[in-house]
1. Given axes a ≥ b ≥ c from the Cα gyration tensor, I'd like to know whether the stretch 241-355 is rounded (a/c under 1.5), prolate (a/b larger than b/c) or oblate.
2. Check which residues have an amide H placed less than 5 Å from residue 283's amide H, if you skip close sequence neighbours.
3. With both bridge residues required to lie in the chain, what share of the DSSP beta bridges run antiparallel, to the nearest 5%?
4. Tell me the label-point distance for the pair residue 52, residue 277, using the 7 Å Cα-to-Cβ offset, in nm and rounded to one decimal.
5. Quick check: residue separation of residue 170 and residue 257 times 0.36 nm, minus the Cα distance between them. What number comes out in nm?
6. If you roll a 1.4 angstrom probe over the protein chains with everything in place, what fraction of the accessible area of the stretch 49-115 belongs to carbon and sulfur, to the nearest %?
7. What whole-number value in Å² describes the accessible area per residue of the chain for a 1.4 Å probe?
8. Kindly sort 81, 266, 160, 298 by accessible area of their heavy atoms, largest first, with the probe set to 1.4 Å.
Amino acid sequence: MIQNDTFLRALRREPTPHTPVWLMRQAGRYLPEYNATRAKAGSFMGLATNPALAAEVTLQPLARFPLDAAILFSDILTVPDAMGLGLSFAEGEGPRFARTVRDEAAVRALAVPDLAKLRYVFDAVALIKRELAGRVPLIGFAGSPFTLACYMIEGGGSPDFATVRRMAYARPDLLGEVVAVNARAVAAYLAAQIDAGADAVMLFDTWGGLLPADAYRRFSLGPMRDVLAALAARPGPRVPTIVFTKGGGAWLPEIAASGADGVGLDWTVDIAAARAAVGGRVALQGNLDPLVLLTDPDTVRREASAIVRAAGPAPGHIFNLGHGIVPGTPPENVAALVEAVHATSRTVRLAAAAS
Ligand code: CP3
């Protein structure tokens, strides 16, 4: 039993007393206690691969703010790391792979990893669930097959992922194989997170928005649909799913038809227009510009309340940012945000009930 299940109810589009809120990268470098634990772990991967420390940082933002969900502390790149690509995070530089997947031989050598290599993730999920003791739900996650392919092919971050986009035109067969292997790996990985106790799972498709519409359907949305179908076909209780394609605003009706229960919106989307475009078919998650959190509490309250009001009184809104919290965010602005979402959404519901 979960005491505060507003997040799960909103995902099912059931009424809730307030709009639930959680934030992408809610455990991260804007929190001094995160930086202290990370220093103790020695490196980002040292932190992510230690279940006790991963559980500790997962719970840090919940100790400060009345968030309505926890998200597993890990990274999307654990999956290609387990495929043998050799992940590291150089200080201040972001992710790097020792090996890339660019030619025929490298693509043929790819396989769904042995899930035993990702045991640290499932152990962290089980430990977090135990420590949460039913207070709020725990969200598990994975990268989308395409977003993982971006890092695997490019070998790290990139301003434009030009190598991947060139491959989409020059060797669509090879890119298609990479995302197909990734889809099977991600489905197995999320299923294992669910078995370990995750109450919902989210696909982070950070780079799908770089593609033309037909390539997006083929290389990003299609493989995500395959992941969702594989999860839906599992025996046992259905765990709700969220798909977030950053830059996917133009394709919302198609994303909403993917089989996901919720669709994440980046900050460029008008959330009222998004609701009109998808009707009542899915929950919507978003979509405050993370840079608003670099202003001041009054501005944060004003902008957050505007999104709550624009989302409307109907069930099915989960408040979040349009992308992850940025490192310089003052924690007091996060406190103001969570408070404003809860207070404004209660007021909106009371007004709707009275009219
Ligand atoms: O949301 C959460 O609080 C859960 C934890 C989480 C992290 N990464 C922790 C992290 C999640 C859900 C992710 C997803 C992730 N990782 C994505 C998809 C979402 C997005 O942000 O677009 C991507 C593309 C990655 C890959 C990745 N990991 C990059 C590009 C970087 C470096 C950039 C940066 O912000 O420094 C990471 C590292 C990372 N993952 C950090 C955290 C808290 C910072 C690393 C540190 O502590 O040094």
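The values are calculated or read from the model by the stated rules, or taken from the named source; none is laboratory data. Quick caveat: nothing in here was measured; it's all calculated off a predicted structure. Virtual Cβ from ideal backbone geometry, glycine too; neighbours counted across all protein chains shown. Surface accessibility is based on the protein's heavy atoms, side chains included, excluding ligands, DNA and RNA. Shrake-Rupley method; radii C 1.70, N 1.55, O 1.52, S 1.80 Å.
1. Details: a/c = 2.29, a/b = 1.22, b/c = 1.88.
Oblate is the answer for the stretch 241-355, as a/c is 1.5 or above yet b/c matches or exceeds a/b.
2. Close amide H contacts, sequence-distant or interchain: 262, 263.
3. Working: 5 of 29 bridges.
Given both bridge residues lie in the chain, the antiparallel proportion sits at roughly 15 percent.
4. Spacing of the two 7 Å Cα→Cβ label points: 4.8 nm.
5. Using 0.36 nm per residue and subtracting the Cα-Cα distance, I get 28.4 nm.
6. On the way: 1430 of 2820 Å².
It is 51 percent, rounded to a whole number.
7. Details: 13830 Å² over 355 residues.
That works out to 39 Å² per residue.
8. Numbers: 81 45, 266 10, 160 65, 298 105 Å².
Solvent-accessible surface, decreasing: 298, 160, 81, 266.
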